[in-house]
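Data first, discussion second: the structure below is written as structure tokens.
Nothing in this text is a laboratory measurement; each read-out follows from the coordinates by a stated rule. All values derive from a computational prediction rather than experimental measurement. Counting neighbours? That spans all protein chains shown, and the Cβs are built from the backbone with ideal geometry, glycine included.
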Amino acid sequence: MSDQIRKRETNKSIEKDEKLREQLPKKSKAQSSAIREPVDGIRELDGEFRTQTTGTVDKLERLFEDRVARALRRLGVPTREDLWTIARQLDEINHRLQTMIKDQLAVMPSSPIGEKDKLKRKDEPSIIHD
């Protein structure tokens with residue numbers, strides 16, 4: 001009889017093992033989804049956090065730039081646009097001066113080489129001609 005009892009116990013054990021094997025995929029799927037859901041939630045929060053952080057940093061940069069620009073204006077420091085305007089005005093003045101010099105040289109009477117140099121004052125800078 002003990003042989004039959006062992007066979008029954010063995011069969012019961014085998015049945016339990018089979019039931020456990022059938023339940024394992026179900027349990028692992030449930031466990032993986034239980035893990036996957038919080039991980040997906042964390043990833044989503046991370047994306048939202050990065051977006052908010054980037055927006056905040058951009059706002060802080062703009063705020064800083066605006067305040068620095070206002071402080072520089074109060075101190076009288078010219079802006080980039082001011083400097084470009086001055087550079088264009090200087091180019092225009094230089095162009096007008098060159099035109100005036102050419103016109104004056106055209107009106108001056110012809111003289112032998114070197115006579116024009118005598119007309120210049122000694123402390124006057126020499127002008128480069130085109």
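Summary of computed values
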{"read-out": "Neighbour net charge for Arg67 - beta-carbon separation under 14 angstrom, K R +1, D E -1", "value": "+2"}
{"read-out": "Distance in nm between pseudo-label sites at Leu45 and Thr99 (7 Å out along the Cβ direction from Cα)", "value": "7.1"}
{"read-out": "Extension gain from Val107 to Leu63, taking 0.36 nm per residue of separation minus the Cα-Cα distance", "value": "9.9 nm"}
{"read-out": "Label-point separation, Gln89 to Arg8 (7 Å along Cα→Cβ), nm", "value": "11.2"}
